[in-house]
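The values are calculated or read from the model by the stated rules, or taken from the named source; none is laboratory data. Here the structure is a predicted model, which means the values were calculated and not measured. With ideal geometry, Cβ positions are generated from the backbone for all residues, glycine too; neighbour counts draw on all protein chains shown.
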Amino acid sequence: MNKIKVENNKIITDLDQSLFYDEYKLKIIKNTNVMIDLSETKKDITLEIETKENTVSSIIILSHLTNNYFNYKIKAYSKLNIVHLAVDNTDIINVDLKGKEANVNYHYSHLNFKKNQVTFNVNHLEDDTESYLVNHGVTLTNDKLIFEVNVYVADNSKNCICNQDNKIIMLKSNTSSILPNLLINNQEVEANHSAYLGSFNKNILFYLESRGISKNKCYELLLKGFLLGEVKIDKQLQDWFFHYLNIKKV
Amino acid sequence: MALELKKLNCTIAEKKILNDFSLTIEEGQTHVIMGPNGTGKSTLSHIIMGDPIYKLDSGDILFNNESILSLSPDQRANKGLFLSFQNPLSIEGVSNSEFLRTALAEKTGSKVGLFDFVKQMDQAMDDLKMDEKMLHRSINKGFSGGEKKKNEILQIKLLKPSFIILDEIDSGLDVDSLKIVGDNLKRYQKENPKVSILIITHYPRILDYIKPDFVHMMVHGKIVKTGNITLAKDIEQNGYRLNDVSENDINE
Ligand SMILES: Nc1ncnc2c1ncn2[C@@H]1O[C@H](COP(=O)(O)OP(=O)(O)O)[C@@H](O)[C@H]1O
Ligand SMILES: [Mg+2]
C-alpha cells in the first residue's frame with residue numbers, strides 16, 4: 001500500500017506510480033490504495049487530494065489531536081472510498097464532486113475526548129454524482145462533539161444521490177449536536193439522511209448481557225460495531241484506533 | 001432444586017404486571033406457561049434474566065437455592081440461565097460470529113480463533129439448517145422471524161445453559177422451521193437430561209416436540225390454574241375462558 005506519513009514537520013512518502021505528491025497536494029492518476037497517517041504529528045495539516053477521471057481508489061486516514069483541512073476534488077467517472085479514523089480532531093472536510101458520475105464513499109469515525117467540531121461540505125457540482133457519508137462519533141467525556149454536514153446540489157446537477165448517516169453515541173452526558181444542512185437546488189435528486197444522538201439502546205445491551213457478556217465487553221462490541229461496522233481494515237489499524245477506548249475508560 | 005420464583009410483584013406505570021407470582025421448577029422438569037397477550041409472561045421472563053428496566057416491588061428468585069436478585073444479567077447467564085427472546089434484537093455492525101465468540105470466551109475464559117470457531121459451528125448450523133453466511137452478518141439483521149429463532153437455538157447449543165426460558169419460540173416459525181427448532185430442542189434435552197425448560201407460548205404446537213411435566217395458565221400476572229398437557233389442549237380449543245377465573249383468583 002502507498003503511504004504518506006507526517007511525523008512532526010517531516011513528511012515521509014512511499015508511493016508508486018499511481019499517485020503523485022507535492023507540497024500537501026496529492027494527485028491520484030490511476031486506481032490505487034493509499035494510507036495517510038497523521039497520527040504522529042502535532043502539526044495541523046491542509047491536504048488537497050485530487051483524482052483524475054476514471055479512477056477508483058481507497059484512502060485510509062488516521063489522525064489524532066489536530067485541526068486538519070481536507071479538500072477532495074473528484075473528477076468524472078471516478079470514485080473515492082475513504083475510511084477516516086479520527087481521535088479528538090477538529091476537521092474540515094470538503095468534497096467537490098467535479099465531474100459526471102463522480103462518487104464519494106466517506107466513512108468517518110471519531111473518538112471524542114475534548115470539545116471538537118467536524119464540518120463536512122459535500123458539493124454535487126455535476127450530473128449523476130453520488131455521495132455516501134457515514135459520520136459516527138463517540139464522546140467519552142462531558143465535552144461535546146459537533147457534526148456539521150452541509151450537502152449542496154447545484155441547480156444544474158441532475159440525478160444526484162446524496163446519502164448521509166450521522167450518529168453520535170454519548171457515553172457521558174454532554175451537549176453534542178448534529179447539524180445537517182441540505183441545500184438542494186435541483187429537483188431530480190435522491191436524498192436520504194438519518195441522525196441519532198444518544199446512548200446505546202438498553203434492550204440491546206440487555207440482549208448481549210443475557211448471553212453472559214459483561215457490561216464492559218458489551219460496550220466494546222457495540223462501540224467497535226458502531227465505529228467500523230462493515231468496514232474492513234487491518235487489525236493493526238483497528239488496534240491503534242480502539243486502544244483510545246481503553247486509555248480513557250474511567 | 002433449580003428455579004424458585006417466590007411471590008414476585010412488579011408494577012409498571014401504576015399497573016400491576018406480576019401479582020404474587022410463585023412457581024418452582026425443579027431440575028430436569030419442563031413447565032409451560034400459557035396466557036393471553038399482555039398478561040405479563042415476557043415481563044416475567046425478563047425479570048428472571050435480570051433486565052434492569054424492570055424492578056420488583058417484592059419477592060425473591062432463587063436459582064439452585066441462592067438468591068440471584070442482586071446478580072447482573074451476565075452473571076445470571078454464567079450460572080446457566082438462558083432466555084430465548086420473544087423478539088430477538090438486531091444489532092447493526094456487530095457480527096454474529098464476533099458476538100458468539102465473545103459470549104463463548106466470556107464463559108470459557110479463552111477466545112477461539114475465527115477459523116476454529118466457524119469449524120466448531122459447522123455442525124450446529126447444519127443441524128439447524130442455517131446458512132453459514134449468517135455467522136458473518138450483523139446480529140439478526142435482515143433475518144426472517146424463523147431465522148432469528150434458530151439463531152437463539154444456535155446460542156443454546158453453543159452456551160449449553162442448564163435452565164432455558166423459551167418465550168414464544170414458536171411465533172414466526174413455519175411448520176418446517178418449527179420441526180427443526182423442536183427437534184433440536186428435543187435433542188438438547190435428551191443430551192442434557194438435567195436441563196430445566198420453561199416454555200412460554202400461546203399455542204401448544206411446540207409441545208409435540210418437548211413434553212411438559214406441568215402446564216400453567218397465567219392471567220393478570222399470576223398462575224390461576226395448573227395441569228398437564230390436557231390443560232394446554234383445552235386452552236387451545238376453548239381459549240382462556242377468563243370468565244371462569246374469579247376475581248378472587250386474581251386479587252387475593
Ligand atoms: N417496558 C415496558 N414499559 C411499559 N409497559 C410495559 C413494559 N413491558 C411490559 N409492559 C406492559 O406489561 C404488560 C405485560 O406485557 P408482557 O409481559 O409483554 O405480556 P405478554 O408477554 O404476556 O404478552 C403489558 O400491558 C405491557 O404493555
Ligand atoms: Mg410476550
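Values as computed for the structure displayed
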{"read-out": "Any hit, the range B:102-116, residues being of a type outside the set (D, E, K, R), part of a loop (DSSP other than H, G, I, E, B) and buried (at least 19 other Cβ atoms within 10 Å of the Cβ)", "value": "no"}
{"read-out": "Residue within the range B:30-41 that is over 30 Å from B:Ile139 (Cβ atoms), out of contact with any helix residue (DSSP H, G or I) (no Cβ under 6 Å at 6 or more places or on another chain) and at pLDDT below 95 present", "value": "yes"}
{"read-out": "Residue within the range A:174-186 that is touching a Lys or Arg at 6+ places or on another chain (Cβ under 7 Å), within 14 Å of chain B (Cβ to nearest Cβ) and farther than 23 Å from A:His64 by Cβ present", "value": "no"}
{"read-out": "Of all residues in the range A:200-216 being in a loop (DSSP other than H, G, I, E, B) and surrounded by fewer than 21 Cβ atoms within 10 Å (Cβ to Cβ), the one that is nearest to the chain's Cα centre (by Cα)", "value": "A:Phe200"}
{"read-out": "Contacts under 7 angstrom Cβ, first residue in the range B:50-71 being surrounded by fewer than 17 Cβ atoms within 10 Å (Cβ to Cβ), partner among the aliphatic types (A, V, I, L, M) and assigned to a loop (DSSP other than H, G, I, E, B), 6 or more apart", "value": "B:Asp60/B:Leu69; B:Asn64/B:Met1; B:Asn64/B:Ala2; B:Asn65/B:Met1"}
{"read-out": "Set B:Phe85, B:Phe63, B:Phe99: member being away from ligand 1 (no atom under 15 Å from the Cβ), under 17 Å from the mean Cα position of the chain (by Cα) and of a type in the set (Phe, Trp, Tyr)", "value": "B:Phe63"}
{"read-out": "Total residues in the range B:118-136, condition in a loop (DSSP other than H, G, I, E, B) and buried (at least 17 other Cβ atoms within 10 Å of the Cβ)", "value": "2"}
{"read-out": "Residue identified as more than 14 Å from ligand 1 (Cβ to nearest atom) and not β-branched (Val, Ile, Thr) among B:Glu14, B:Glu26", "value": "B:Glu26"}
{"read-out": "Top-ranked residue in the range A:62-109 [being in a loop (DSSP other than H, G, I, E, B) and aliphatic (A, V, I, L, M); ranked as modelled with the lowest pLDDT]", "value": "A:Leu65"}
{"read-out": "Long-range neighbours under 9 Å by Cβ, at least six apart or interchain, first residue of a type in the set (Gly, Ala, Ser) within the range A:1-26, second surrounded by 11 or more Cβ atoms within 10 Å (Cβ to Cβ) and assigned to a strand (DSSP E or B)", "value": "A:Ser18/A:Asn2; A:Ser18/A:Ile28; A:Ser18/A:Thr32; A:Ser18/A:Asn33; A:Ser18/A:Val34; A:Ser18/A:Ser57"}
{"read-out": "Per-region count, the range A:144-182, residues within 20 Å of the chain's Cα centre (by Cα) and of a type in the set (Asp, Glu)", "value": "2"}
{"read-out": "Which numbered condition A:Ile146 misses (of (1) farther than 16 Å from A:Asp88 by Cα; (2) touching a strand residue (DSSP E or B) at 6+ places or on another chain (Cβ under 9 Å))", "value": "(1)"}
{"read-out": "Of the criteria (1) within 27 Å of A:Lys215 (Cβ to Cβ); (2) free of Cβ contacts under 8 Å to residues at least 12 places away in the same chain, which one B:Lys133 fails", "value": "(1)"}
{"read-out": "Pairs with Cβ under 6 Å, 6+ apart, first in the range B:33-48 and within 14 Å of chain A (Cβ to nearest Cβ) and more than 14 Å from B:Leu166 (Cβ to Cβ), second more than 8 Å from ligand 2 (Cβ to nearest atom) and outside any helix (DSSP H, G or I)", "value": "B:Thr43/B:Ile17; B:Ile47/B:Tyr54"}
{"read-out": "Index of the failed condition, B:Glu98 passing every other in (1) at the interface with chain A (Cβ under 9 Å from one of its Cβ atoms); (2) surrounded by fewer than 19 Cβ atoms within 10 Å (Cβ to Cβ)", "value": "(2)"}
{"read-out": "Any hit, the range A:134-153, residues being crowded, with 20+ Cβ neighbours inside 10 Å, in a loop (DSSP other than H, G, I, E, B) and of a type in the set (Asp, Glu)", "value": "no"}
{"read-out": "In the range B:60-86, the residues that are within 9 Å of chain A (Cβ to nearest Cβ) and polar (S, T, N, Q)", "value": "B:Ser72, B:Gln75, B:Asn78"}
{"read-out": "Top-ranked residue in the range A:170-199 [being farther than 22 Å from A:Lys114 by Cβ and hydrophobic (A, V, I, L, M, F, W, C); ranked as surrounded by the fewest Cβ atoms within 10 Å (Cβ to Cβ)]", "value": "A:Leu183"}
{"read-out": "Those residues of the range A:190-216 which are touching a Leu at 6+ places or on another chain (Cβ under 9 Å), over 26 Å from A:Thr141 (Cα atoms) and either polar (S, T, N, Q) or more than 11 Å from every other protein chain (Cβ to nearest Cβ) (or both), in sequence order", "value": "A:Ala191, A:His193, A:Ser210"}
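Rundown of residues vs (1) out of contact with any Lys or Arg (no Cβ under 8 Å at 6 or more places or on another chain); (2) exposed (fewer than 14 other Cβ atoms within 10 Å of the Cβ); (3) under 16 Å from A:Val95 (Cα atoms), yes/no style:
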| position | (1), (2), (3) |
| --- | --- |
| A:Leu26 | yes, no, yes |
| A:Thr32 | yes, no, no |
| A:Glu50 | no, no, yes |
| A:Ile59 | yes, no, yes |
| A:His64 | yes, no, no |
| A:Tyr69 | yes, no, yes |
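For every residue, the table says whether it meets (1) within 16 Å of ligand 2 (Cβ to nearest atom); (2) modelled with pLDDT of 95 or more.
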residue: B:Lys119; (1), (2): no, no
residue: B:Met134; (1), (2): no, no
residue: B:Leu154; (1), (2): no, yes
residue: B:Phe163; (1), (2): no, yes
residue: B:Asp167; (1), (2): yes, yes
residue: B:Tyr188; (1), (2): no, yes
